[in-house]
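Heads up, the thing below is written out as structure tokens.
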Amino acid sequence: MSLVITDAGIAASINAQTLGVEYKITHIAIGLEGYLPTVDQTELKQEFIRKPLSRGAIIAPGQLHFEAVFDDNSAFEGKEIGYFLEDGTLFAVDSRDGEILSLKRSNTIITEAFELNLAGSEISNITVEIMGTPYATETVAGIAKIATEAEVAAGVDDEKIVTAKKLKLVAYPVGSPIPWPSDVLPVEGYWAFMKGQEFDTETYKTLANIYTNGILPDMRELAIVGKGDNDIILAYEADGVKSHTHNITVSNKDLGSKSTSSDSHTHSRGSMEITGRVSELAAQGGAGKYGITSSGAFYKTGGNGEFGLPDSQTTEAQKLNDSNILDFKASRAWSGTTSSDSHVHSVVIGSHNHAATASPFGNNHNTIRNRKFNYIVRLA
């Protein structure tokens, strides 16, 4: 840049300092000749048009901003620019040996902006007339410049403001999954659902720097887990349960004896009949083999019986005749029933074990308490 503060400009500054006043730059002139300016200039070499400032601002100490509107039907290729004080003094000249510094076609209106940096000089009393509403800064209220979408994405300009719409584009880093409580995207073309689909890596180059394969991760029914030091970024991990065991114990208990139900019951009586023949009966007091008691019972005598045949029949011949043979028939019948008192029976069970089976329980996959959101990502 070949901007030169003229001797006349410096003299005006010294004079203003002596008087304790400030001079203001109030006009901008455009000339048609290109050259390397000198400090002894008092005017442009080929001035074409001069306009008052339409806007002026001090954007920082020693940094002056000017704007001038050229709204006539003239046309020019400006190669020299002059900055004039309010008294007409040429304060500074800018020319670059033939380079076009300002261009206007006929029947057009242009607003030219100019910057003058005096921060590196000792001149502190040359200022600019604040004309119109100044541009807003962090310390000065005024008109704010709005950053373009490209400037917002670049994130470099610290003087322009960001609209609410553009702010949404930068509030979250490109590529980061964002929970979104709707099935409708916030703005079509700026956002996408993360469903494992491809995207245009040429159109969305910033996003392609994150997902280099050109495919958005499928985040449906997935949660995000912080990466461990040895994990691979963006790695997918399927359902799983940490290896573990279950301790199942069935107590060993002696159940002792158990009683059956209590019951009383009866038994019915039957009948009996006995028939037979007894021989060799002994006479009473004789030496026969069998005898008969007074109650009618038989017994083996081993000697004389109590009752038997008369003593006159004790010869051997008499023993062998039929009168020594006794046929008998005895029967007995019982009627009624016998009964038993109420009683119980005991069954011994004893000490023993039981087999235990743990049945499956739970969902198809591990879950935590959750609420469903769509994951979206900013396209850029």
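Could you check how many residues of the stretch 224-260 are over 17 Å from the mean Cα position of the chain (by Cα), modelled with pLDDT of 85 or more and either open to solvent by less than 100 Å² (accessible area, probe 1.4 Å) or within 18 Å of Asn366 (Cβ to Cβ) (or both)?
1
List, please: which pairs have Cβ atoms under 7 Å, are six or more places apart or on different chains, and start with a residue in the stretch 78-100 that is over 18 Å from Leu64 (Cβ atoms) and free of Cβ contacts under 8 Å to residues at least 60 places away in the same chain and end with one that is among the small types (Gly, Ala, Ser) and part of a loop (DSSP other than H, G, I, E, B)?
Every condition considered, the pairs that remain are Lys79/Gly34; Lys79/Gly98; Glu80/Gly34.
State all residues of the stretch 157-197 that are in contact with a Leu (Cβ under 8 Å, 6 or more places away or on another chain) and either open to solvent by 90 Å² or more (accessible area, probe 1.4 Å) or free of Cβ contacts under 8 Å to residues at least 60 places away in the same chain (or both); if no residue qualifies, say none.
Listed by number, the residues that qualify are Lys195, Gly196, Gln197.
What number of residues within the stretch 153-167 satisfy the criterion of being under 19 Å from Leu379 (Cα atoms) and modelled with pLDDT under 80?
7
Which residues, counting only those in the stretch 52-68, are out of contact with any Phe, Trp or Tyr (no Cβ under 6 Å at 6 or more places or on another chain) and within 22 Å of Gly34 (Cα to Cα)?
Answer for the stretch 52-68, where residues must be out of contact with any Phe, Trp or Tyr (no Cβ under 6 Å at 6 or more places or on another chain) and within 22 Å of Gly34 (Cα to Cα): Glu67, Ala68.
So in the stretch 90-117, with the set limited to residues that are under 14 Å from Val4 (Cα atoms) and open to solvent by 10 Å² or more (accessible area, probe 1.4 Å), which one is modelled with the lowest pLDDT?
Out of the qualifying residues, it is Asn117.
Could you please give the count of residues in the stretch 39-65 that are modelled with pLDDT under 90 and in a loop (DSSP other than H, G, I, E, B)?
Total satisfying the criteria: 5.
Looking at the stretch 200-223, which of its residues are in a loop (DSSP other than H, G, I, E, B), open to solvent by less than 100 Å² (accessible area, probe 1.4 Å) and at negative phi?
Asp200, Thr201, Thr203, Tyr204, Tyr211, Leu216, Pro217, Met219, Leu222, Ala223
If I ask for residues that are touching a residue at least 40 places away in the same chain (Cβ under 8 Å), of a type outside the set (D, E, K, R) and under 20 Å from Ser106 (Cα atoms), which ones from the stretch 62-77 would you list?
Answer for the stretch 62-77, where residues must be touching a residue at least 40 places away in the same chain (Cβ under 8 Å), of a type outside the set (D, E, K, R) and under 20 Å from Ser106 (Cα atoms): Ala68, Val69, Phe70, Phe76.
Would you please list the contacts, defined by Cβ atoms under 6 Å and residues six or more apart or on different chains, that run from a residue in the stretch 138-153 that is in a loop (DSSP other than H, G, I, E, B) to a residue that is hydrophobic (A, V, I, L, M, F, W, C) and modelled with pLDDT under 80?
Gly142/Ala136; Ala144/Ala136
Counting just the residues of the stretch 345-380 that are loosely packed, with under 10 Cβ neighbours inside 10 Å and among the β-branched types (Val, Ile, Thr), which one comes out farthest from Thr260 (Cα to Cα)?
Ile368
The values are calculated or read from the model by the stated rules, or taken from the named source; none is laboratory data. This is a predicted model, so every value here is computed, not measured. Ideal geometry is used to build each Cβ from the backbone, glycine not excepted, and the neighbour counts take in all protein chains shown. Surface accessibility is based on the protein's heavy atoms, side chains included, excluding ligands, DNA and RNA. Shrake-Rupley method; radii C 1.70, N 1.55, O 1.52, S 1.80 Å.
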